Amino acid sequence: MSNLLSFKAILAAASLIAILAGPAAAQSTANGQLQSSGAKQHFSAGDISSILAEFGIATTLTPYNGQGAATIIATTTGDAKFVVLLIKCANPAEGSQCAGAVIYTATANAGIAYDDINSFNADSNVTMAVNVAEQNLIVFGRQLFFSGGVGRDNFKLIIELFLTDMQEFIDARTAAGTAVSLNVAPEAAGKTDNVAGAGDTITFVARSISTGAVDDHALSAAIANTWQVSFNPPSMAMDE
């Protein structure tokens, strides 16, 4: 399984977790704005970089790897790292005329219980988290498809809510005294079963996903995203 397909599997599983946990109100609000003025059915790497620049976020389009997608590496002024994967592009090497995007990042899973992941998925605005036990990671992601038209302001809102979700996660870990860093020896995987209960009573809980290999960008982000980083760029902090 390619890294791209592996990550799609992670996001599909995360979508199921979010459905089981219950939709967040802010996510419904964001989805309800998909038909804002100036809606586009395709975005390009330049469009995304321009939007992120409004938050003071630096971007780099990585060299094309032949897997049919364009990859933008984004770094906030607080040194947090995340990825925007543009899919179904007319020209993936240039990242032009793309029909969808996956926004994702990662942290170490050391010291983080499945209950913490469940709570995040229940309370987050637009982001879904899934534990990748084999890589000692938690991958956080949001899919966005442009079919039917997505406004530039809506895309910017999704980015802002994703960054807010990640900052709240980092803040919670800092408050709990958890060092979110791959430099810390991770706890053993498999902290809980996928399904718990007895008889007719079944409770679904956050599960680990077998992916074979998470892409290098997720691993790189997890190394960068220690508890000291900030996902909130200055423009967002001033608006709060």
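Take T60 and tell me if it is more than 27 Å from G148 (Cβ to Cβ), hydroxyl-bearing (S, T, Y) and in contact with a Phe, Trp or Tyr (Cβ under 7 Å, 6 or more places away or on another chain).
no
Taking first residues from the stretch 147-166 that are outside any helix (DSSP H, G or I) and partners that are surrounded by fewer than 19 Cβ atoms within 10 Å (Cβ to Cβ) and of a type in the set (D, E, K, R), the Cβ contacts under 7 Å between residues at least 6 apart in sequence or on separate chains come to G149/K40; V150/K40. Please work out if T164 is of a type in the set (V, I, T), surrounded by fewer than 23 Cβ atoms within 10 Å (Cβ to Cβ), over 16 Å from the mean Cα position of the chain (by Cα) and within 17 Å of S230 (Cβ to Cβ). When the stated conditions are applied, T164 does not pass them.
For beta carbons closer than 8 Å, sequence separation of 6+ or different chains, a first residue in the stretch 40-65 that is in a loop (DSSP other than H, G, I, E, B) and a second that is aromatic (F, W, Y), the qualifying pairs are Q41/F146; H42/F146. Every condition in (1) in contact (Cβ under 8 Å) with a residue 40 or more places away in the chain; (2) in a loop (DSSP other than H, G, I, E, B) is met by I103 except one, and the failing one is (2).
Residues in the stretch 106-146 that are closer than 28 Å to G38 by Cα, among the small types (G, A, S) and assigned to a loop (DSSP other than H, G, I, E, B): S124 alone.
Taken together, the residues in the stretch 81-103 that are closer than 15 Å to T60 by Cβ and crowded, with 18+ Cβ neighbours inside 10 Å amount to 7.
Taken together, the values in this text are just the output of simple stated rules run on the coordinates, not laboratory data. If you're wondering where the values come from, they're calculated on a predicted model, not measured in any experiment. Here the Cβ is made from the backbone with ideal geometry for all residues, glycine too, and neighbour counts use every protein chain on show.
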